Amino acid sequence: MRECHLSQNLATVSRRALLPERISQLIDALSSGVYEREHTIKMCLLAALAGESVFLLGPPGIAKSFIAKRLIDAFENSQFFEYLMTRFSTPEEVFGPLSIQALKDEGKYVRLTEGYLPNADVVFLDEIWKAGPAILNTLLTVVNERTFRNGEHVYPVPMRLLVTASNELPEPDSGLDALYDRMLLRVFVNRIQEKKNFKLMLTEPSQDETSVPDKIKIGHEEYQQWQSIIPSLSLPDAIFDKLYTLKQRLEQAGEDSPNFNPAELYVSDRRWKKAVRLLKAAAFFNGRDEVGPLDLLLLEDCLWHSPESRDVVQDVMRQFAAEILFDQQEALALMDDVKVALRDIEQSTVEALAYQQDSASSSLRKPTIDISKAPRFSVNQSRDLVRFVLLTANPSVSEQEKGDSRWIYLDAADVEKKLKPGSTDLYGYVNKNTHLCRLTLEWDAQGMLVVKDIANRAVPVALAGVNNPDAEQLDTWHAQTDQALEQLNQAQFLIRRARSQLNAGLPHLFAQPELLEVASASLVDAERDVKAHMATLEQQARRLRRLDTFFTGADDA
């Protein structure tokens, strides 16, 4: 018994693993011979798999009904019903004629529903907004409850997909808002745009029927099983937070858009709830047990109300995909925070340690420097050298020394005699280089001693033995630098996690390729920016971390 149960579980796991490939094959078969309609077919199929409804907006003659007819081939032993609404349409034409026999024998109003909407699995209603109240009210009940009252009895409706279509939207205050709100997916279907596809459409024979292999068609029992599994998928907190951010951005966009009615972007709580079920369905048929970042891109077809609001939604979704979907904005913001933090720490070291003129010599405009308390160093054959520590990162202070300059050695007598107002050229040693280099020093406008780097930027200096930092200062700067490095590591982690999430979510069966490209390209850009600044920031952080060794000469780098 246990072996049988284990065998059944393994079979179920195997079918789940193969499900994305099967749905992919189904999409390919349904899209065969149809040009620039693959996304519409994908959305209609996803709606059918999630038990939701679709509204297609577009001009006449662009294969809206043709798309709906194709969806019936996705299911085994299913029935299709379509009807073109007019202002003269009657309930009998949609829900079935009254049974004269039942009225005559039993005095009951009973409809003959065979071949009509109550018995159909896939339904297409064209020019939906032209239907009268009697039809629309009954249809609203069918969509809401998936039931149909026929005489005294209420029967379940097998409808898996309702596709409605029109070349216009319902008129304001027409009483159609409730039905329109239940059309979760709203897809704009345009004329064929690409020249190549237009030619194929004109010259290739029409494929009125699809060739969907029986082995990938969806059976009744497995469809019902899927419907019971989909609600159990999880919506992780991190994904919910992104969804809520999207909601806020959408609402803000409605308020900020000039000459635009924010009500056009109103999304009811019911639509949000139904949209989450759609996202869970997308995750399930992509072979996952929880909603992922890429699933959120499907909301682009759930949140617009009119062509004008559709433009706003598309703009918001592209910004969302480029900034929020994989925490790209957070990673770049962390990088900016690290830059600011390290710059502030550097500035703090300059303010605390830089060699300044004393007030007396500054007022007399005769800058002097007191090196009497500075320890002496020897480099090569030179003796009686004093050491100055460079307090900010720099490319180098000498063409002969490549890389960041950390300290310089100068002859003590030259420093006392030659360091005057304006620029002064002195010869000294940079870092551990034993070759003499010409260095340019000067007093800046604030009376601070600086050395010019090869880009002619002023680098403040401190005199070793005189301006050394104390332990408390070093502890503070070390703690601040460690915190900046933690943020740097967090930015790296976010990029690595984003890359992993993107790879795990691809290929995605339903997401718009254009939005996938936006998300992928933005992640590449963010990754490049982080890498470009990483080496510089890490070097700057290490420099600050070892600042005390520059004063003592203990640094061996």
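Length gained on full extension, Arg146 to Gln490, computed as 0.36 nm times the residue gap minus the Cα-Cα distance: 119.0 nm.
Amide H to amide H, with H built 1.01 Å from N, Val212 comes under 5 Å of no residue 5 or more places away or on another chain. Annotation for Thr424 and Thr440: the two label points, set 7 Å from Cα along the Cα-Cβ direction, are 1.6 nm apart.
For the stretch 102-249, the fraction of 1.4 Å probe accessible surface lying on carbon and sulfur atoms is 49 percent. The per residue volume of the convex hull around the alpha-carbon atoms of the stretch 413-557 is 183 Å³. Shape annotation for the stretch 182-295: C-alpha extents along the principal axes are 49, 43, 24 Å, from largest to smallest.
Once you list every other residue whose beta carbon is under 14 Å from the beta carbon of Ala498, what net charge do they have if Lys and Arg are +1 and Asp and Glu are -1? Write down the numbers at each step before the final one.
Values: positive: Lys242, Arg496, Arg497, Arg499, Arg528, Lys531; negative: Glu323, Asp327, Glu330, Asp525, Glu527, Asp529.
Residues close to Ala498 contribute a combined charge of 0.
Is the C-alpha gyration tensor of the stretch 66-189 telling us rounded, prolate or oblate? Criteria: a/c under 1.5 is rounded; beyond that, a/b larger than b/c is prolate, otherwise oblate.
oblate
The modelled label-to-label distance between Ala102 and Val524, using points 7 Å beyond Cα along the C-beta direction, is 6.2 nm. DSSP assigns beta bridges within the chain; of those with both partners inside it, close to 60 percent run antiparallel.
Sequence-ordered 3J(HN,Hα) estimates for the stretch 64-74 from the Karplus curve with 6.51, -1.76 and 1.60 and θ = phi - 60° stand at 5, 5, 4, 5, 5, 4, 5, 5, 5, 6, 6 Hz, glycine and proline given as x. Taking the helices alone, the chain has a mean residue ellipticity at 222 nm of -15500 deg cm²/dmol, built from -39,500 (n - 2.57) per DSSP H run of at least 4 residues and averaged over all its residues.
Report Rg/Rh for the chain, rounded to two decimals, where Rg is the Cα radius of gyration and Rh the Kirkwood radius. Intermediate values should be presented prior to the final figure.
On the way: Rg = 36.3 Å, Rh = 29.4 Å.
Answer for the chain: 1.23.
Using every pair of distinct Cα positions in the stretch 289-339, the Kirkwood expression returns a hydrodynamic radius of 12.4 angstrom. Here the stretch 133-188 was treated as a single set of alpha-carbon atoms; its pair distances binned every 10 Å from 0 give 19, 53, 24, 5, 0 percent. Extent of the stretch 460-533 along its three principal axes (Cα atoms, max minus min coordinate, largest first): 67, 21, 12 Å. For the stretch 304-317, the Karplus equation 6.51 cos²θ - 1.76 cosθ + 1.60, evaluated at θ = phi - 60°, returns couplings of 9, 10, 8, x, 5, 5, 4, 4, 5, 4, 4, 5, 5, 5 Hz by residue, with Gly and Pro reported as x. Between Glu76 and Glu194, the modelled labels are 3.5 nm apart [label points 7 Å from Cα along Cα→Cβ].
Coupling constants for the stretch 428-437 follow from the phi torsions by the Karplus curve (6.51 cos²θ - 1.76 cosθ + 1.60, θ = phi - 60°), and in residue order they are x, 10, 10, 6, 9, 6, 8, 9, 5, 10 Hz; glycine and proline get x.
Give the calculated FRET efficiency between Thr552 and Arg497 to the nearest 0.05, with a Förster radius of 35 Å applied to their Cβ-Cβ distance. Show your work: numbers first, answer last.
Details: r = 41 Å, r/R0 = 1.16.
Efficiency for this residue pair is about 0.30.
Please go through the residue pairs Lys108/Lys280; Lys199/Lys280; Lys42/Lys273; Lys130/Lys196 and name each one whose alpha carbons sit more than 32 Å apart in this structure. Could you put the intermediate results ahead of the total?
On the way: Lys108/Lys280 43 Å; Lys199/Lys280 38 Å; Lys42/Lys273 21 Å; Lys130/Lys196 36 Å.
Flagged as over cut-off: Lys108/Lys280; Lys199/Lys280; Lys130/Lys196.
Look at the dipole of the stretch 1-160 built from charges on Cβ: of Val122, Ser31, Leu18, the Cα furthest out on the positive end belongs to Leu18. Per atom type, the stretch 252-373 shows carbon and sulfur on 46% of its accessible surface, probed at 1.4 Å. Averaged per residue, the chain has 50 square angstrom of accessible surface, using a 1.4 angstrom probe with ligands and nucleic acids left out. Using 0.36 nm per residue and subtracting the Cα-Cα separation, the extra length available between Asp237 and Glu21 on full extension is 74.9 nm.
The values are calculated or read from the model by the stated rules, or taken from the named source; none is laboratory data. Owing to the predicted nature of the structure, the values given are computational and were not obtained by experimental measurement. Every residue, glycine as well, gets a Cβ built from its backbone with ideal geometry; the counts of neighbours run over all protein chains shown. Accessible surface is based on the protein model in full, side chains and every heavy atom, while ligands, DNA and RNA are left aside. Shrake-Rupley method; radii C 1.70, N 1.55, O 1.52, S 1.80 Å.
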